[in-house]
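The values are calculated or read from the model by the stated rules, or taken from the named source; none is laboratory data. Keep in mind the model is a prediction, meaning the values are calculated, not measured. All Cβ positions, glycine included, derive from the backbone under ideal geometry; neighbour counts span all protein chains shown. We work out accessible area using only protein heavy atoms, side chains counted, and drop any ligands, DNA or RNA first. Shrake-Rupley method; radii C 1.70, N 1.55, O 1.52, S 1.80 Å.
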Amino acid sequence: MELREIEIFLVLADELHFGRTAERLGVSPGRISQVIKQLESRVGAPLFVRTSRQVTPTPVGRQLRDDLAPGYQRIKQAIAEATANGHGITGVLRVGFSGAWCGNLIVAAGNLFQTRYPACKIQIQEAALNDRFGPLRTRELDLQLTEFPADEPDVTTGPVIFSHPRALTVPAAHPLAGRESVSLEDLADYPLITIDGPPQYFLDFHLPRRTPLGRPIPRGPATTAWQEVLSLVSAGKAVCPTSIHSADYYSRPELAFVPFHDAPTIDFGLTWLTSAENVYIRTFVQTILEVAADFPGAVGAGQIVSGTGGR
């Protein structure tokens with residue numbers, strides 16, 4: 001039996017449906033039927049009982065499935081490991097993220113990546129608010145999916161993966177909490193959380209010092225971690241802009257998330273140190289794009305932005 005024949009047989013034994021098997025393998029149902037008939041002729045007995053409503057393995061088919069499956073998995077693993085070794089994809093790839101939605105996508109992409117390259121392990125960690133690119137430069141991280149902008153001469157930026165409307169995080173009893181939406185001009189009336197450490201251009205985009213009409217925005221307490229932001233807002237110390245989807249992932253009874261009607265989106269994209277780019281990073285970026293194409297809330301697959309320094 002050829003490896004492709006074994007694959008078709010095992011997938012049909014799993015799906016028990018010719019149409020789903022064909023779709024999963026990217027071939028026609030006729031091709032599936034042809035291969036199964038050839039196998040049954042070679043074995044000398046039916047492998048499946050077909051009716052208009054269902055496909056069921058025969059005792060011979062079940063035995064063949066049980067005997068073939070472990071060996072097939074070992075062959076697939078051996079091929080994947082050989083491919084990974086041939087491409088140098090071994091060891092550990094460290095990936096950072098900010099926002100639970102980014103973390104969920106990284107986990108999904110990491111699962112697919114490790115299926116294909118089992119010799120390479122994926123480690124993920126949440127990126128600190130105050131040190132946007134330090135872990136890339138010290139090689140603590142190889143790649144990260146975090147907020148843009150990223151206008152750094154030594155950092156390559158990839159495509160936008162998530163593009164979210166912005167909301168203002170306020171205490172549940174805050175005067176703005178009951179509004180349908182807020183304006184950037186409203187920021188002049190309330191202290192704004194600040195973050196110590198990020199580049200000024202990053203702070204100006206996310207935590208501006210003035211409104212679009214030039215009114216100064218008062219500064220609130222400074223922090224370095226997102227959970228601290230939520231606690232400070234809950235305590236009524238300040239307000240803070242964030243993604244509208246924070247309400248889905250970080251809701252608390254004492255918080256409200258009010259949409260902006262005039263603020264730019266918050267974009268989350270991939271960045272990596274230009275001098276550290278390698279086959280690990282390129283392959284994992286392509287895996288993220290592949291998974292993002294069908295991931296809830298993601299922009300979808302796009303073209304990697306070549307060059308360095310911003311978008």
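Over the range 165-298, what number does the Rg to Rh ratio reach, with both radii from the alpha-carbon atoms and Rh per Kirkwood?
Taking Rh as the inverse mean 1/r over Cα pairs, Rg/Rh reads 1.03.
With the dipole of the range 1-156 worked out from charges on the C-beta (+1 for Lys and Arg, -1 for Asp and Glu) around the Cα centre, which of ILE89, PHE133, GLY19 lies farthest toward the positive end?
The residue sitting most towards the positive pole is GLY19.
Residue-wise, which Karplus ³J(HN,Hα) couplings in Hz belong to the range 171-177, taking 6.51 cos²θ - 1.76 cosθ + 1.60, θ = phi - 60°, and x for glycine or proline?
x, 4, 8, 5, x, 8, 5
Could you give the nm distance between label points at SER181 and GLN63, where each point is 7 Å from its Cα heading toward the beta carbon?
Placing both labels 7 Å beyond Cα along the Cβ direction yields 6.9 nm.
Under 30 Å Cα-Cα from LYS37, which lysines qualify once same-chain neighbours fewer than 8 residues away are excluded?
LYS76
Treating only the Cβ of Lys, Arg, Asp and Glu as charged (+1, +1, -1, -1), what charge dipole size does the range 83-174 show about its Cα centre? Round to the nearest 20 debye.
Value, rounded to 20: 300 debye.
Helix-only mean residue ellipticity at 222 nm, the chain, DSSP H runs n ≥ 4 weighted -39,500 (n - 2.57), per residue, nearest 500. What is it?
-12000 deg cm²/dmol
List the residues whose amide H sits under 5 Å from the amide H of ILE161, counting only those 5 or more places along or on another chain, with H placed 1.01 Å from N in the peptide plane.
PHE268, GLY269, LEU270
Name the long-range amide H neighbours of ALA222: under 5 Å, sequence gap of 5 or more, or other chain; modelled H, no Pro or chain starts.
For ALA222, whose amide H was placed from the backbone, the distant partners under 5 Å are THR194.
Please get the size of the charge dipole for the chain, origin at its Cα centre, with Cβ charges of +1 on Lys and Arg and -1 on Asp and Glu, quoted in debye to the nearest 20.
About 800 debye.
Of the GluC sites (Glu not before Pro) in the range 147-198, which ones lie in a loop per DSSP and count no more than 11 other C-beta atoms within 10 Å?
Those satisfying the criteria are GLU180.
Which whole-number value in Å³ per residue fits the convex hull of the alpha carbons of the range 116-198?
Spelled out: Cα convex hull of the range 116-198, divided by residues, is 180 Å³.
Quick check for you: with a 1.4 Å probe and neighbouring chains kept, what is the accessible area per residue of the range 171-294, in Å²?
Value returned for the range 171-294: 46 Å² of accessible area per residue.
What are the ³J(HN,Hα) couplings of the range 204-211, residue after residue, when phi is run through the Karplus curve with 6.51, -1.76, 1.60 and θ = phi - 60°? Round to Hz, x for glycine and proline.
4, 6, 8, 10, x, 8, 9, 6
At a Förster radius of 51 Å, what calculated FRET efficiency corresponds to the Cβ-Cβ distance of ARG219 and LYS37, to the nearest 0.05?
The value I calculate is 0.10.
How big is the charge dipole of the range 1-86 about its Cα centre, in debye rounded to the nearest 20, if each Lys and Arg gets +1 on its Cβ and each Asp and Glu gets -1 on its Cβ?
240 debye
Looking at the chain, send over the antiparallel percent of its DSSP beta bridges, to the nearest 5.
Expressed as a percentage, antiparallel bridges in the chain total about 60.
Taking only protein heavy atoms and a 1.4 Å probe, what accessible area per residue, in Å², does the range 41-120 have with all protein chains in place?
54 Å²
Carbon and sulfur together cover what percent of the accessible area of the chain at a 1.4 Å probe radius?
Reported share for carbon and sulfur atoms: 51 percent.
From largest to smallest, what semi-axes in whole angstrom does the chain give when each is the square root of 5 times an eigenvalue of its alpha carbon gyration tensor?
Output for the chain: semi-axes of 50, 24, 15 Å.
Around PHE260, which amide H atoms from residues at least 5 apart in sequence, or from another chain, sit under 5 Å from its own amide H, with H modelled in the peptide plane?
For PHE260, whose amide H was placed from the backbone, the distant partners under 5 Å are ARG166, ALA167, LEU168, VAL182.
Along the positive direction of the dipole of the chain (beta-carbon charges: Lys, Arg +1; Asp, Glu -1; about the Cα centre), which of LEU184, PHE295, VAL43 reaches farthest?
Checked the options; the winner is VAL43.
For the range 1-155, with equal point scatterers placed on the C-alpha atoms only and solvent neglected, what are the log10 I(q)/I(0) values from the Debye formula at q = 0.17 1/Å, to two decimals?
The calculated log intensity ratios at q = 0.17 Å⁻¹ are -0.97.
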